[in-house]
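Colleague: Structure incoming, see below.
The values are calculated or read from the model by the stated rules, or taken from the named source; none is laboratory data. This is a predicted model, so every value here is computed, not measured. Counting neighbours? That spans all protein chains shown, and the Cβs are built from the backbone with ideal geometry, glycine included. Keep in mind that these areas ignore ligands, DNA and RNA; they rest on the heavy atoms of the full protein, side chains included. Shrake-Rupley method; radii C 1.70, N 1.55, O 1.52, S 1.80 Å.
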Amino acid sequence: MRVLVSGGGTGGHIYPALAVAKQLHEVYQVEILYLGSDDGMETELAPAAGFPLATVKAGKLRRYLSWRTITGVARVPVGMAQAIGIVRRFRPQVVFTSGGYVAVPAGLAASFNRVPLLMHQQDVPPNLSNKLLAPLATRISVAFADSLAYFSARKTLHLGNPVRQAILDMRQTSPQQARSLLGYGTELPLLLVTGGSQGARHLNQVVCDALPDLLAHCQVLQISGKLLFDETRKSAERMLAGIDEGMKGRYRLEPYMDTEMPMALQAADLVLCRAGAATLSELAALGKASILVPLPPAIGSSPQEANADMFGHKQAARVIRNHDLKPQVLVERVVSTITSTTLLQSMASAALTLAKPQAAQEIAAVVMQMAKEWKH
């Protein structure tokens, strides 16, 4: 049994794809080939997870006007031809895509070779990639119930978003234990700040500007993103120059956390982050209160605002629009949330109601069902 799995660009698309691949391989002994873009994070993450990787040139529609948008579009026909060849040689019974611009050549190659396609929709509204693929998909799985309205009812299933096993395993560790293991005291609450795998410059800058006020009330673990680490460190050092050593000790800056990220999430009392679907699914699985600053709309629009609004309406998160994020606004929201045990607990409970911890198993079961149907 062979399944081609594809999803790429950022960790948000790759981790769910790898969670499904792992389930298929370990439970059903399926042979997996991971199809990725030649310039995405999957070139590192898929082999590290133990899966063979094939890459194609994939074109990204960037969220701003750039010559790279034009060169990205020019890569599409090349990637398409490469993907068709890879599917033809590998001869999978099913193709599973989890989003990102590489999902388009993968899904089109499945259709071209008449292989059943399970397309996974992570964000609440579909992005351009999944809008293009939806008519070709045999089945569509969605992470959140609010997505059902966008697709054909007869082929769409609400299965949840696959979450890394390391996140699910972390539920056995208490937040207090996780804090101790990361070297934090348990007397003050912990705020985790993360802009996702690539970081978020505006979020980093506002947090740095707010540090003296934030550290009066909580500990702060800030993950800047590798590319933004040096500038964030300089900003933080500038803001911390005038405060006492005790308060400085409450702050820690990391460029990126991979294996320790589940521990960091579990340790946090409150998470300040963007509103990508994979991040939200992990917050839900661990029952974490959050303040969401969704990526603003640009070219191609941002699905993160819809994701954040859905969490906000369910009272699982508080939402600050990117253009409203100022140091004084951030301090007010963080302090009023992190110092209220009642509010933290009610947000955590609301987040848990959105969790689907069996998503990877359920999606893998649908993949296997599709393979059986295709055989007949």
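Colleague: Which of (1) open to solvent by 50 Å² or more (accessible area, probe 1.4 Å); (2) closer than 23 Å to Pro294 by Cα is the odd one out, the single condition Glu245 does not satisfy?
Modeller: (2)
Colleague: Consider segment 149-172. How many of its residues are in contact with an Asp or Glu (Cβ under 6 Å, 6 or more places away or on another chain) and among the small types (Gly, Ala, Ser)?
Modeller: Within segment 149-172, residues that are in contact with an Asp or Glu (Cβ under 6 Å, 6 or more places away or on another chain) and among the small types (Gly, Ala, Ser) number 0.
Colleague: Give just the number: which of (1) open to solvent by less than 10 Å² (accessible area, probe 1.4 Å); (2) assigned to a helix (DSSP H, G or I); (3) under 20 Å from Gly199 (Cα atoms) does Pro294 not satisfy?
Modeller: The one condition Pro294 does not meet is (2).
Colleague: Condition check: touching a helix residue (DSSP H, G or I) at 6+ places or on another chain (Cβ under 6 Å) and either of a type in the set (Val, Ile, Thr) or assigned to a loop (DSSP other than H, G, I, E, B) (or both). Does Gly100 satisfy that?
Modeller: Answer is yes for this residue.
Colleague: Within the bounds of segment 45-52, is there any residue that is within 26 Å of Pro135 (Cα to Cα), open to solvent by less than 40 Å² (accessible area, probe 1.4 Å) and either touching a helix residue (DSSP H, G or I) at 6+ places or on another chain (Cβ under 7 Å) or at pLDDT below 85 (or both)?
Modeller: No: segment 45-52 contains no residue that is within 26 Å of Pro135 (Cα to Cα), open to solvent by less than 40 Å² (accessible area, probe 1.4 Å) and either touching a helix residue (DSSP H, G or I) at 6+ places or on another chain (Cβ under 7 Å) or at pLDDT below 85 (or both).
Colleague: Can you tell me which residue in segment 266-280 is farthest from Leu188 (Cα to Cα), limited to those that are open to solvent by less than 10 Å² (accessible area, probe 1.4 Å) and under 13 Å from the mean Cα position of the chain (by Cα)?
Modeller: By that ranking, first place goes to Ala277.
Colleague: Looking only at segment 213-247, count every residue that is in contact with a helix residue (DSSP H, G or I) (Cβ under 6 Å, 6 or more places away or on another chain), at pLDDT 95 or above and farther than 17 Å from Cys273 by Cβ and tell me the total.
Modeller: Qualifying residue count for the region: 7.
Colleague: Are there any pairs, at least 6 apart or on different chains, whose C-beta atoms fall under 9 Å, with the first in segment 178-192 and at positive phi and the second open to solvent by 10 Å² or more (accessible area, probe 1.4 Å), and if so, which?
Modeller: From segment 178-192, the pairs are Gly183/Arg252.
Colleague: Met263 - would you say it is touching a helix residue (DSSP H, G or I) at 6+ places or on another chain (Cβ under 6 Å), farther than 21 Å from Gln219 by Cα and surrounded by fewer than 24 Cβ atoms within 10 Å (Cβ to Cβ)?
Modeller: The answer is no for Met263.
Colleague: Could you list all residues from segment 19-44 that are open to solvent by 20 Å² or more (accessible area, probe 1.4 Å) and within 23 Å of Arg89 (Cβ to Cβ)?
Modeller: Passing the criteria: His25, Tyr28, Gln29, Glu31, Leu33, Asp38, Asp39, Thr43.
Colleague: Can I ask one more? Kindly provide the set of residues from segment 143-171 that are modelled with pLDDT of 95 or more, assigned to a helix (DSSP H, G or I), under 27 Å from Ala46 (Cβ atoms) and open to solvent by 50 Å² or more (accessible area, probe 1.4 Å), ordered by number.
Modeller: Asp169, Arg171
Colleague: Taking the condition of being farther than 28 Å from Ser174 by Cα and either surrounded by 18 or more Cβ atoms within 10 Å (Cβ to Cβ) or at pLDDT 95 or above (or both), how many residues in segment 342-376 meet it?
Modeller: The total comes to 9.
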